[in-house]
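Below is one structure, written out as structure tokens; comments come after it.
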Amino acid sequence: MALIAPSLLAADFLQLQAACDMLNESEADWFHLDIMDGRFVPNISYGPMLVNFFRKTTTKICDVHLMIEEPERYAEAFKEAGADMLTVHYEACPHLHRNIQQIKSLGMQAGIALNPHTPVELLKDILQDVDMVLLMSVNPGFGGQSFIPHTINKIKRMREMIDEQLLNVKIEIDGGVTLDNAQMIIEAGADILVAGSTVFKAKDPIQTIAALKAI
Ligand code: DX5
Ligand code: ZN
């Protein structure tokens, strides 16, 4: 059974209180919060201020996915906003080990995200320092895109690398997760599924989260 992390990016932003109430009432495990800067990715979403509003509504894990350049400039602000898990992109961090150390020293769990074209093997020498690897299964920047099938091979290889080193690193899959492909993704070795459109565009989001949990 995987953990389910609905992405609030797909919520109606004029109804965020209702979206948070729904998630809190549901079997969702984490709040997945997508931060975009208009530079690392083409889109702009929201920042620490909104993360702090989400934080105040919930005791669930706030899983903050930074799709931004120079994430070291904002790590402290996201800690103060209430992030539990802070994930930075491999592609945005020339001094990735330093970024991970900073996140840990601030008292958060640390994750590394990989774009669809970035090989999992590049994480070999840092895997022991992180709590989670986020594999993007779409190009980051927008919700509602289709799952890139090749991601399945990356999940399997990542799982092997983690198991070979006897590590307790979680694998999170982000982008295009649906009720139809969730089983295949979990079987490949995923621990956490992000779901944006699948949850928020559903007729019954609570039931959809329950259905994802039951897979
Ligand atoms: C995309 C974000 C995702 C997005 C997922 O850049 O990182 O978290 O919200 O949305 P869906 O589930 O609709 O693909
Ligand atoms: Zn995300």
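Laboratory data are not the source of any read-out in this text; all were calculated from the coordinates shown. Remember, predicted model here, so these are calculated numbers, not experimental data. Cβ atoms come from the backbone with ideal geometry, glycine included; neighbour counts cover every protein chain shown.
Each residue in segment 124-171 was checked for being among the basic types (Lys, Arg) and farther than 28 Å from Phe200 by Cβ, and 4 pass. For segment 108-128, the set of residues classified as among the β-branched types (Val, Ile, Thr) and touching a residue at least 40 places away in the same chain (Cβ under 8 Å) consists of Val120 only. Would you please name the residue that is farthest from Asp63 (Cα to Cα), looking only at residues in segment 121-147 that are under 16 Å from the mean Cα position of the chain (by Cα) and away from ligand 2 (no atom under 14 Å from the Cβ)? Out of the qualifying residues, it is Val130. Within segment 93-141, the set of residues being more than 16 Å from ligand 1 (Cβ to nearest atom) and hydroxyl-bearing (Ser, Thr, Tyr) comprises just one member, Ser105. Remark: pairs (first residue in segment 166-182, surrounded by 14 or more Cβ atoms within 10 Å (Cβ to Cβ); second residue of a type in the set (D, E, K, R); Cβ separation under 8 Å; 6+ apart in sequence or on different chains) = Val169/Asp131; Lys170/Asp131; Lys170/Asp191; Ile171/Arg159; Ile171/Asp191; Glu172/Asp63; Glu172/Asp191.
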